[in-house]
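Notes for the one structure printed next.
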Amino acid sequence: MKTYIRKVGKTLLFGLVILAIAVVVYMVVPKYQIQSVRVDEDYVLITKVNTLTGKIDINYKRYTPLKTGESRKLKFTF
């Protein structure tokens, strides 16, 4: 019985080590890569590529000026 528990314990520890290595690799590899940024008079266009799946994501933000004396910052979430 003790040898069975020892084998199961080693198997679970081995699986945990493999899972930890996979998580570290996933955290180290950059998920997104910015492909291009286009800035025009009143808009910003950002194209980024998901390096894991190859999916292309396009962010488009239009700047609309507020009343005189006020300003607004463009906010992007990556």
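Every number in this text was worked out from the coordinates using simple rules, so none of it is lab data. Nothing here was measured: the structure is a model prediction, and the numbers come from that model. As a convention, Cβ positions derive from the backbone with ideal geometry for all residues, glycine included, and neighbour counts pool all protein chains shown.
Results, tabulated for the structure shown:
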| read-out | value |
| --- | --- |
| Whole-Hz couplings from phi, Karplus 6.51/-1.76/1.60, listed for segment 26-31; x for Gly and Pro | 5, 6, 7, 6, x, 7 |
| Distance in nm between pseudo-label sites at VAL17 and LYS55 (7 Å out along the Cβ direction from Cα) | 3.5 nm |
| Per-residue HN-Hα couplings for segment 7-22 [Karplus 6.51, -1.76, 1.60; θ = phi - 60°; Hz; x = Gly/Pro] | 5, 5, x, 5, 5, 5, 5, 4, x, 5, 5, 4, 5, 5, 5, 5 |
